[in-house]
Amino acid sequence: MSALSVKHLLGIKHLDRSDIGLIFSTADNFSTILNRQIKKVPSLRDITIANVFFENSTRTRISFELAEKRLSADVVNFSASSSSVSKGETLLDTVNNILAMKVDMVVMRHPHVGACHFLANHINANVINAGDGTHEHPTQALLDAYSIRKRHGRVEGLNVLIMGDILHSRVALSNIFCLLKLGANVKLCGPPTLIPKNIESLGVAVEYNLDAALAWCDVVNVLRIQLERQKDSYFPSLREYARYYGLGLERLNRLQKEITVLHPGPMNRGVEIDSRVADHPRHSIILDQVENGVAIRMAVLYLLASDPATF
């Protein structure tokens, strides 16, 4: 297989296992290129890509922009806060105006679930979902699983714990879909108020005791408490949350085994994760995730391009 089965990357649920394998093998090649002295390739030299972000983003936007420039694409950055969206322009009008400038691909983040699907149904350009509301964030899940594979040599058969604010996280859903497709065992942990109802129907288990969940897992992906998305009080205080669901070094040391720690960022240090864990030289692969994110996004962009040059 040398091409993805989809025209757009809207969510992990639209990919099959062979698609994910192709993205990983392509990312392996780009990862090698990123470690060369000359890190740029002409693969997307004639492709113009618009980064359309209706929500604030630092890591994802910079990672996509760097991936695009490493592939020699022409890049247009669009921010809703400094555009006609603030004057009442619709999503479709905005993107149609961008496409009138002969853009080939659109990378979009939007606060509303399904915005990327709506866009893909109305334009001819390839669309990549960089996060839509609390729905999906497919490239984050791909880079998380890719980072796990690089550390452990495999994903299949591993026990992977996703802990934290599952209810408001788009990373959680994409990770669940991706990890299950790759054969991992997935368990969720967090306060009952932050675990969606009937989430077990997706094929995951739920554990409310963090120490028991950590004793089970090989890998833990720590999710941020998304206070900006929380309209109600889901736990008494951040101090209380950190006490029962914070990943501290003492907690890890009690396990008497080494587990791999991921975090999609940005981190609330001292709340869901302790700085000593986030910066731990053996447990943490958080900085590896950042590096791997560029290779994964290069792979996705390259594979979705209609007629990419060889690299």
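The values are calculated or read from the model by the stated rules, or taken from the named source; none is laboratory data. Please read these numbers as outputs of a predicted model, since none were measured by experiment. A quick note on method: Cβ atoms are made from the backbone with ideal geometry, for glycine too, and the neighbour counts reach across all protein chains shown.
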Point to revise | Failed condition for Lys187, given (1) at pLDDT below 95; (2) surrounded by 13 or more Cβ atoms within 10 Å (Cβ to Cβ) | key: (1)
**Study point:** Residue in the range 134-143 that is in a strand (DSSP E or B) and either under 21 Å from Gly11 (Cα atoms) or not small (Gly, Ala, Ser) (or both) present
**Key:** yes
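Can you confirm whether the range 160-170 contains a residue that is within 25 Å of Gly21 (Cα to Cα), in a helix (DSSP H, G or I), modelled with pLDDT under 95 and within 14 Å of the chain's Cα centre (by Cα)?
Initial filter on the range 160-170 (within 25 Å of Gly21 (Cα to Cα)): 160-162, 169-170.
Adding the requirement that they be in a helix (DSSP H, G or I) leaves 170.
Those still in the list that are modelled with pLDDT under 95 too: 170.
Subsequent filtering for residues that are within 14 Å of the chain's Cα centre (by Cα) retains 170.
Scanning the range 160-170 turns up at least one residue that is within 25 Å of Gly21 (Cα to Cα), in a helix (DSSP H, G or I), modelled with pLDDT under 95 and within 14 Å of the chain's Cα centre (by Cα).
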**Study point:** Single match in Thr26, Thr48, Thr60 (criterion: among the hydroxyl-bearing types (Ser, Thr, Tyr) and more than 18 Å from the chain's Cα centre (by Cα))
**Key:** Thr48
Exercise for review: Tell me, please, whether a residue that is under 23 Å from His135 (Cβ atoms), in contact with a Cys (Cβ under 6 Å, 6 or more places away or on another chain) and outside the structural domain of Arg149 (by TED's automatic domain parsing) can be found in the range 76-99.
Suggested key: no
Exercise for review: Specify which of the listed residues (Leu4, Leu9, Leu15) is over 15 Å from the mean Cα position of the chain (by Cα) and buried (at least 18 other Cβ atoms within 10 Å of the Cβ).
Suggested key: Leu4
Practice item. Among the residues of the range 95-133, write down those that are part of a loop (DSSP other than H, G, I, E, B) and in contact with a strand residue (DSSP E or B) (Cβ under 6 Å, 6 or more places away or on another chain). Key: Val103, Asp104, Val113, Ala125
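From the set of residues in the range 62-89 that are assigned to a loop (DSSP other than H, G, I, E, B) and modelled with pLDDT of 80 or more, which is nearest to Asn29 (Cα to Cα)? Break it down into steps so the answer makes sense when it comes.
We begin by selecting, within the range 62-89, every residue assigned to a loop (DSSP other than H, G, I, E, B); these are 71-73, 83, 88-89.
Of the ones still in play, those that are also modelled with pLDDT of 80 or more are 71-73.
Details: Leu71: 13, Ser72: 16, Ala73: 18 Å.
Ranking the qualifying residues of the range 62-89, first place goes to Leu71.
Can you find, within the range 18-61, the residue that is surrounded by the fewest Cβ atoms within 10 Å (Cβ to Cβ) among those that are in a helix (DSSP H, G or I) and β-branched (Val, Ile, Thr)? Even if it seems obvious, please write down each step before you answer.
Quick first cut of the range 18-61, residues in a helix (DSSP H, G or I) only: 18-34, 59-61.
This time we only want the ones that are β-branched (Val, Ile, Thr), so: 20, 23, 26, 32-33, 60.
Details: Ile20: 21, Ile23: 26, Thr26: 20, Thr32: 10, Ile33: 17, Thr60: 22.
The selected residue is Thr32.
Would you say Glu250 is more than 23 Å from the chain's Cα centre (by Cα), surrounded by fewer than 18 Cβ atoms within 10 Å (Cβ to Cβ) and farther than 23 Å from Leu158 by Cα?
yes
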Practice item. Would you please list the contacts, defined by Cβ atoms under 8 Å and residues six or more apart or on different chains, that run from a residue in the range 111-131 that is in the same structural domain as Glu55 (by TED's automatic domain parsing) to a residue that is assigned to a helix (DSSP H, G or I) and among the charged types (D, E, K, R)? Key: Ala130/Arg61; Gly131/Arg170
Review point. How do the pairs read when you match residues in the range 195-207 that are in a strand (DSSP E or B) with residues anywhere that are surrounded by 15 or more Cβ atoms within 10 Å (Cβ to Cβ), using Cβ under 6 Å and keeping only pairs 6 or more apart or on different chains?
Key: Ala205/Lys187; Val206/Leu188; Val206/Ile195
Check your understanding: Any idea how many residues of the range 111-145 are closer than 23 Å to Ala73 by Cα and crowded, with 19+ Cβ neighbours inside 10 Å?
Key -> 16
Review point. Gly21: over 29 Å from His112 (Cβ atoms) and either modelled with pLDDT of 95 or more or assigned by TED's automatic domain parsing to the domain that holds Ile148 (or both), yes or no?
Key: yes
Review point. When only residues in the range 171-187 that are in a helix (DSSP H, G or I) and hydrophobic (A, V, I, L, M, F, W, C) count, which is nearest to the chain's Cα centre (by Cα)?
Key: Val171
Exercise for review: Just one of (1) touching a Leu at 6+ places or on another chain (Cβ under 8 Å); (2) within 26 Å of Asp288 (Cα to Cα); (3) touching a residue at least 40 places away in the same chain (Cβ under 8 Å); (4) not in a helix (DSSP H, G or I) trips up Ala3, so point out which.
Suggested key: (2)
Check your understanding: Do we have Leu92 as over 20 Å from Arg297 (Cβ atoms), part of a helix (DSSP H, G or I) and aliphatic (A, V, I, L, M) here?
Key -> yes
Study note, to complete from the structure: Leu143 passes all but one of the listed conditions (1) in the same structural domain as Ala299 (by TED's automatic domain parsing); (2) under 22 Å from Thr58 (Cα atoms); the exception is number (1)
